[in-house]
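Structure, as structure tokens:
The values are calculated or read from the model by the stated rules, or taken from the named source; none is laboratory data. Predicted model, so just to flag it, every value in this text is computed and none were measured. FYI the Cβ positions are ideal-geometry reconstructions off the backbone, even for glycines, and counts take in every protein chain you see. We work out accessible area using only protein heavy atoms, side chains counted, and drop any ligands, DNA or RNA first. Shrake-Rupley method; radii C 1.70, N 1.55, O 1.52, S 1.80 Å.
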Amino acid sequence: MASNHLDWDKLRVFSVVAELKSLTAAAKRLGESTPTVSRKIDDLEKTLNCDLFVRTTKGVELTEAGRQVIKRTHVMNDHASQILNTVSGFDIEGSGSLRLTSQDGVASHWLTQFIPEFQNHHAKIDLDFQIHDQEANLLDGEADLSIT
């Protein structure tokens with residue numbers, strides 16, 4: 001029976017399993033047991049009323065439903081990262097570099113108006129702002145933050 005409540009922790013676990021293509025490897029990274037990771041995936045599949053992975057002897061592969069969920073999970077992770085980057089240490093002056101990427105429409109018509117104010121408030125942050133045709137892969141380290 002499907003539920004209308006998604007557990008963010010189970011989506012986080014799903015994302016790691018999808019990235020590593022292995023329940024065991026995901027369990028190791030997450031510091032959880034393989035049965036716990038498997039149970040969380042099973043629970044998420046029950047909530048969504050669909051299979052997210054095809055399990056094989058070599059690991060797991062995303063189903064079409066899984067590919068749809070992982071796209072949206074990446075967006076959710078991006079938004080969560082934006083929250084962290086925006087308010088983490090809000091009262092503490094930050095420093096360092098920030099690699100920010102966006103697509104042309106968002107960048108040129110919306111985002112650029114906020115950069116001067118950001119730099120005025122965060123003078124010690126070296127902002128590397130790039131405009132790309134495609135979304136950056138944050139998991140591969142292509143950027144620290146992507147606004148789409």
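Checking the cross-link pairs K28/K71; K71/K124; K28/K124; K40/K71 against a 28 Å limit on the alpha carbon distance flags K71/K124; K28/K124 as lying beyond it.
Accessible surface of the chain, 1.4 Å probe: 52 percent of it comes from carbon and sulfur atoms. Note on E32: accessible area is roughly 50 Å² with a 1.4 Å probe, heavy atoms of protein only. Per-residue 3J(HN,Hα) values for segment 33-44, derived from phi via the Karplus relation 6.51 cos²θ - 1.76 cosθ + 1.60 with θ = phi - 60°, read 7, 4, x, 5, 4, 4, 5, 5, 5, 4, 4, 5 Hz in sequence order (x marks Gly and Pro).
Calculated mean residue ellipticity, 222 nm, the chain: -15500 deg cm²/dmol, from DSSP H runs (n ≥ 4) at -39500 (n - 2.57) each, averaged per residue and rounded to 500. Hydrodynamic analysis of segment 68-148 uses the Kirkwood radius over alpha carbon pairs. Inserted into Stokes-Einstein at 37 °C and 0.692 mPa s, it gives a translational diffusion coefficient of 245 µm²/s. Taking T73, T56, T34 in turn, the Gaussian network model of the chain (Cα-Cα springs below 10 Å) assigns the largest fluctuation to T56.
Largest GNM mean-square fluctuation across A136, A123, A18, computed for the chain with C-alpha springs under 10 Å, falls on A123.
Sorting S33, S15 on solvent-accessible area from highest to lowest, probe radius 1.4 Å, gives S33, S15. In this simple spin-label model, placing a label point 7 Å from the Cα along the Cα-to-Cβ direction at both W110 and S97 gives a separation of 2.7 nm. Protein heavy-atom accessible surface, 1.4 Å probe, per residue over the chain: 66 Å². Rounded to the nearest 5, what % of DSSP beta bridges with both residues in segment 28-148 are antiparallel? Rounded to the nearest five, the antiparallel share is 25 percent. Distances between placed amide hydrogens fall under 5 Å for S22 paired with V60, all partners being 5 or more residues away or on another chain. Values of log10 I(q)/I(0) for the chain across q = 0.09, 0.10, 0.14, 0.16 Å⁻¹ run -0.38, -0.46, -0.79, -0.93, by the Debye formula with one identical scatterer at each alpha carbon and no solvent. Solvent-accessible area of V69, all protein chains in place: 30 Å² (probe radius 1.4 Å, heavy atoms, ligands and nucleic acids excluded).
The calculated FRET efficiency for the pair V54 and Q134, based on their C-beta separation and a Förster distance of 25 Å, comes to about 0.40. Placing unit charges on the Cβ atoms of the charged side chains and taking the dipole of the chain about its Cα centre, the candidate lying farthest along the positive direction among I147, T73, V13 is V13. Summary: within the chain, the longest segment free of trypsin sites (Lys or Arg not before Pro) located in DSSP loops with at most 13 other C-beta atoms within 10 Å is 59-123.
Dipole size of the chain about its Cα centre, with +1 on Lys/Arg Cβ and -1 on Asp/Glu Cβ: approximately 700 debye, rounded to the nearest 20.
Computed with the Debye formula from one identical point scatterer per Cα of segment 1-87, without solvent, the log10 of I(q)/I(0) at q = 0.15 Å⁻¹ comes to -0.54.
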